[in-house]
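The values are calculated or read from the model by the stated rules, or taken from the named source; none is laboratory data. Since the model is a prediction, treat every value here as computed from it, not as a measurement. All Cβ positions, even for glycine, are placed from backbone atoms using ideal geometry, and neighbour counts span all protein chains on display. These accessible areas exclude ligands, DNA and RNA; they are computed on the full protein's heavy atoms, side chains included. Shrake-Rupley method; radii C 1.70, N 1.55, O 1.52, S 1.80 Å.
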Amino acid sequence: MNNEKLLNRNFLMVVIGQMVSIFGNAVLRFALPLYILDQTGSSTIFGTILAIATIPTLLFSPLGGIMADRFNRRNLMVILDLLTAAVIGGFSFFLSTGPIVLVIAALMVIFSIIQSFYQPAVQASIPLISSKDNLEKANGFISLVNALSNLLAPLFAGILYGALGIRPIMISAVICFFLAAVMEMFIIMRFERKHHDESIISIIRSDLKVSINYMVKDTPVIIKAMLVISGINLFLTPVILVGLPAIIKIKLALSSQLYGLTQGVMAAGMIIGGIIISVIGKKIEIEEVYKMLFYASMGLLPIALSLSIKMSVMVVYWTISICCFVITIFITMCNITMISFIQRETPDHLIGKVISYIFMMARSTLPVGQAMYGFLFEVVIDYLNILLFVTALCSGWIAVYSKRVFSALPAKAKYDSVSH
């Protein structure tokens, strides 16, 4: 067993770099919707831009995985953070001169492309800077950093945007990405350069073939795990993302402040889930993922019940907030456990590509789910309890299916996942 300490110098540099980078990311994601709404007054325009910005993620994620496996991952993170800072800085000068909608659309598309290459590099780096014995703790820390940044960034951005507007927001994001790149320069990460005589097209074709064969033939459980994630992102995740504003602001007619409070409660759930995995991660077997999914799915039932019987508005609100808190805890634990398993079982030279496929498939169903629930929550606003009951059943079925998936793991994989 590898007893290497988790909080080594390299890991701390990655954590600090991620904290600053994710903070800058979250600041932009909070401020850009406000800015485009203020300028155009149309939520439809921003929704269209958001949908367009998801397309590059689906197209470029596999290429991002190939780069993460072919190039020095530390250098990739540094270059991409510096590139992001340069892009945001450049676009900040066009806000007052160019057409607002086109400028924001172009910025979000380019930002999405960069993230398609950045995220596989980060996830593929974790096994290189943390022993297999510490993967759950390492991913728990990264999740904790993500949650903290997403909790604090809107507070910071809201104050700054309200007082000074969008340009200081973009400048602060530039500073964040630049500082993240500087921190990442101090990471020491092993890398063996390989020389190839093939063309770039041949290398891409070969890498895609090897990684797909690995997932389909050698480790088919990864494909099934991807289907499980896709199913959750088709039902449970969008019903929370789309359903919360519909229920709190339309059905219950409550304020934006209370909606924001519920989002803060969910961020706290991410933090708690990350802490739990960081503390007891090694004690959770991969076969127990289905339990986390099942508990998260059943978290919708109290919400549906509160909407079915006559209760005060605030009782319903706090039922929703508490249930979303619990759901987020279990989803976070599930995500960390699954990504740690995949990082552990996948050979180092394939990690980037495999993770990029997982991100691509998971994200491919999320927009479909969001569109579907956006329509359903508008059409059946008076029967949301039934919609939530049906969603709980669908998500619960996926959880039961995932039990069969992970029970079918080869004996060696089961042993390795709990013995490290």
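Below, the figures for the structure above:
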quantity: Residue that is open to solvent by 30 Å² or more (accessible area, probe 1.4 Å) and either assigned to a helix (DSSP H, G or I) or in contact with a Ser or Thr (Cβ under 7 Å, 6 or more places away or on another chain) (or both), where the choices are Ile336, Ile342, Ile327, Ile331; calculated: Ile331
quantity: Residue tally, condition more than 18 Å from the chain's Cα centre (by Cα) and open to solvent by 30 Å² or more (accessible area, probe 1.4 Å), over the range 261-275; calculated: 1
quantity: Conditions (1) open to solvent by 30 Å² or more (accessible area, probe 1.4 Å); (2) touching a residue at least 40 places away in the same chain (Cβ under 8 Å): number failed by Ala138; calculated: (1)
quantity: Positions within the range 184-228 being at pLDDT below 80, of a type in the set (Asp, Glu) and touching an Asp or Glu at 6+ places or on another chain (Cβ under 8 Å), in sequence order; calculated: Asp207
quantity: Of residues in the range 364-420 being modelled with pLDDT of 75 or more and basic (Lys, Arg), the one surrounded by the most Cβ atoms within 10 Å (Cβ to Cβ); calculated: Lys403
quantity: Some residue of the range 102-120 being within 30 Å of Ser206 (Cβ to Cβ), touching a His at 6+ places or on another chain (Cβ under 6 Å) and surrounded by 22 or more Cβ atoms within 10 Å (Cβ to Cβ); calculated: no
quantity: Residue among Leu293, Leu258, Leu307, Leu254 that alone is outside any helix (DSSP H, G or I), open to solvent by less than 60 Å² (accessible area, probe 1.4 Å) and of a type outside the set (Lys, Arg); calculated: Leu254
quantity: Single residue of Phe60, Phe94 found to be at negative phi, open to solvent by 20 Å² or more (accessible area, probe 1.4 Å), part of a loop (DSSP other than H, G, I, E, B) and at pLDDT 75 or above; calculated: Phe94
